[in-house]
1. Yes or no: residue 80 surrounded by 15 or more Cβ atoms within 10 Å (Cβ to Cβ) and within 14 Å of the ligand (Cβ to nearest atom)?
2. Which of the residues spanning segment 74-110 are assigned to a helix (DSSP H, G or I), under 16 Å from residue 53 (Cα atoms), without any contact (Cβ under 8 Å) to a residue 40 or more places away in the chain and of a type outside the set (A, V, I, L, M, F, W, C)?
3. Basic (Lys, Arg), at pLDDT 90 or above and either more than 13 Å from the chain's Cα centre (by Cα) or open to solvent by 50 Å² or more (accessible area, probe 1.4 Å) (or both) - does that describe any residue in segment 4-13?
4. Kindly indicate whether residue 115 is more than 14 Å from the ligand (Cβ to nearest atom) and not small (Gly, Ala, Ser).
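The values are calculated or read from the model by the stated rules, or taken from the named source; none is laboratory data. Quantities reported herein were computed from a predicted structural model and do not represent experimental measurements. Quick reminder, even Gly has a Cβ in these numbers, built from the backbone with ideal geometry, and neighbours come from all protein chains shown. These accessible areas exclude ligands, DNA and RNA; they are computed on the full protein's heavy atoms, side chains included. Shrake-Rupley method; radii C 1.70, N 1.55, O 1.52, S 1.80 Å.
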Amino acid sequence: MIFNFDKFFYNKTVRGEFSDNDSCRMAAYFAQNGLCYVTFRPLESGERELHHRLPKSFGGKDEAENLILLTRDVHKMVHTENFEEFYTLREKCRLTQYQLALVNQLRYEAHRTPVSVKAEVLRNG
Ligand SMILES: [Zn+2]
């Protein structure tokens, strides 16, 4: 799910309309101290996106334990099924092995193809 965090909060703040789901979104932000869940880099305005660990299409809920905030590029890495795009983003984000393992864990939870499997497919093909 692609979520425009800043626009959402700005509109809600102006109108004073906060729901339980909004509280979860804010909880995710503050639980991570405003840092990306994978890279620990500051989540810049317009670069932060909300991710459902278990997608809504698989029954995932808008609950704090199912929501994390990622930078836009890392979020793309979690969702893309385009092998080339994944490795382009990997270069751009300069992820460590640990961070890459985290991305793979998130892909697993989101029912995406594990990247290691894709690498083998490409090598064998
Ligand atoms: Zn997502």
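1. On the way: surrounded by 15 or more Cβ atoms within 10 Å (Cβ to Cβ): yes; within 14 Å of the ligand (Cβ to nearest atom): yes.
Taking the combined requirement at face value, the residue satisfies it.
2. Within segment 74-110, 76, 79, 104, 105, 107, 108 qualify.
3. Narrowing segment 4-13 to residues basic (Lys, Arg): 7, 12.
Subset that is at pLDDT 90 or above: none.
For segment 4-13, residues basic (Lys, Arg), at pLDDT 90 or above and either more than 13 Å from the chain's Cα centre (by Cα) or open to solvent by 50 Å² or more (accessible area, probe 1.4 Å) (or both): absent.
4. Judged against the criteria, residue 115 is a match.
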